[in-house]
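The values are calculated or read from the model by the stated rules, or taken from the named source; none is laboratory data. Small disclaimer: the values here were computed from a predicted structure and weren't measured. Note that each Cβ is placed from the backbone with ideal geometry, even for glycine, and that neighbours are counted across all protein chains shown. Protein only, heavy atoms only, side chains kept; ligands, DNA and RNA dropped before computing areas. Shrake-Rupley method; radii C 1.70, N 1.55, O 1.52, S 1.80 Å.
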Amino acid sequence: MDLTFSEEQDELRKVVRSFLAKHSDEAEVRRLAADPRGYDGVVWRRMATELGLQALAVPEEYGGFGFRYVDLGIVFEEAGRALLGGPYFATVALAAEALLRCDDEQARRDLLPGIASGETVATLALTEESGRWEEPGIRLTAHDRAGGWRLTGAKTYVPDGHLADLLLVAARTPRGISLFAVEADAPGLTRTPMPTLDQTRKQARLEFTTTPARLLGTEGTAWPALERTLATAAVLLAAEQVGGAAAALDAAVDYARIRVQYGRPIGSFQGIKHKCADMLVEIESARSAAYGGLWALDTDDQAEIAIAAALAQAFCSEAFTRVAADNIQVHGGIGFTWEHPAHLYFKRAKSSEVLLGTPSYHRELLATRLGI
């Protein structure tokens, strides 16, 4: 395992950080959090045309650049640092990955170029009322009727489901779990935004009433592809969480240097020193877990990926939450106020902690996969 970065990767981080510093600063994060869409269409297009972020890990034959997951992880880490809102996670980590893993070459050729170019905002609709990420939690049904497949049921907690142009929907058919593509304007589809703790990451409830859909791949064979998609998304989310935690630590250290109490900076007090040191240890441990997951994704070893993804998500979720909470403690009373950005990181941490399943869920997955 090589966890060092090349000069090109360091440059990628520098470019992405600079771009997000301009287009995802605190004022913009707050503005988009209050916007029902949650993202700026102009910035989204610039992410695609100037930086190629949506196309980064998409293979060249589908309009992408074919970079490695380690490279994509750098982007997600910087996105987490900047609290980037909008459908980047839903489109790249969930939808694009699901298309890459499904056994439907024609669907990849039809749908991935739009994602890579930034023209298509996409998402994956998997969870339902139970909130479960396992196969038994999928109850929405699909039936092959005259004229094509029809979906009936509901999906909840769908990232950016209220605005996505393309919905990839997991449904149960007579032969098992299958994956379907649904257009945003499909008849019988109702999309309702849901209230969220983290206003920077929008979610929606989707209701399907005999909604026409396109079957992707072979009926009843989608679950292995979805499992791999969730593992990839878990690792990329872990990288994002590391970036958010690092930003929270930077804010805590900066404040500890300038906040004076009893005639000296609070960073000189032993209690604050220890808290910041503990935060650093949490972040470095989380970074090792996330980078290990990215390395595993690039090996394409299914067993290694399953273990590394569960480990990364179980650890990084809790690490981000602890660091974000400690950042508030270092700031004291001002850290609890709406005017201070510390609470934005804490809300992102708590929301991300359950986005793909709780840490205890991922620890259970890890134990199962290790045979414990």
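Below is a table of values for the structure above.
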read-out	value
Count of residues meeting criterion [on the phi > 0 side of the Ramachandran plot and open to solvent by 60 Å² or more (accessible area, probe 1.4 Å)] in segment 144-180	2
Residue check for LEU236: free of Cβ contacts under 8 Å to residues at least 40 places away in the same chain and within 17 Å of ARG81 (Cα to Cα)	no
Of the criteria (1) surrounded by fewer than 16 Cβ atoms within 10 Å (Cβ to Cβ); (2) of a type in the set (Asp, Glu); (3) touching a residue at least 40 places away in the same chain (Cβ under 8 Å), which one GLU183 fails	(3)
Test result for ALA303, small (Gly, Ala, Ser), over 23 Å from PRO159 (Cα atoms) and either crowded, with 19+ Cβ neighbours inside 10 Å or free of Cβ contacts under 8 Å to residues at least 12 places away in the same chain (or both)	no
One residue from THR91, THR141, THR123 being of a type in the set (S, T, N, Q) and surrounded by fewer than 21 Cβ atoms within 10 Å (Cβ to Cβ)	THR141
Number of the exception - GLY217 against (1) surrounded by fewer than 16 Cβ atoms within 10 Å (Cβ to Cβ); (2) more than 29 Å from LEU32 (Cα to Cα); (3) touching a strand residue (DSSP E or B) at 6+ places or on another chain (Cβ under 9 Å)	(1)
Selection within segment 63-97 - farther than 19 Å from ALA290 by Cβ, of a type in the set (Gly, Ala, Ser), outside any helix (DSSP H, G or I) and in contact with an Asp or Glu (Cβ under 9 Å, 6 or more places away or on another chain)	GLY66, GLY85, GLY86
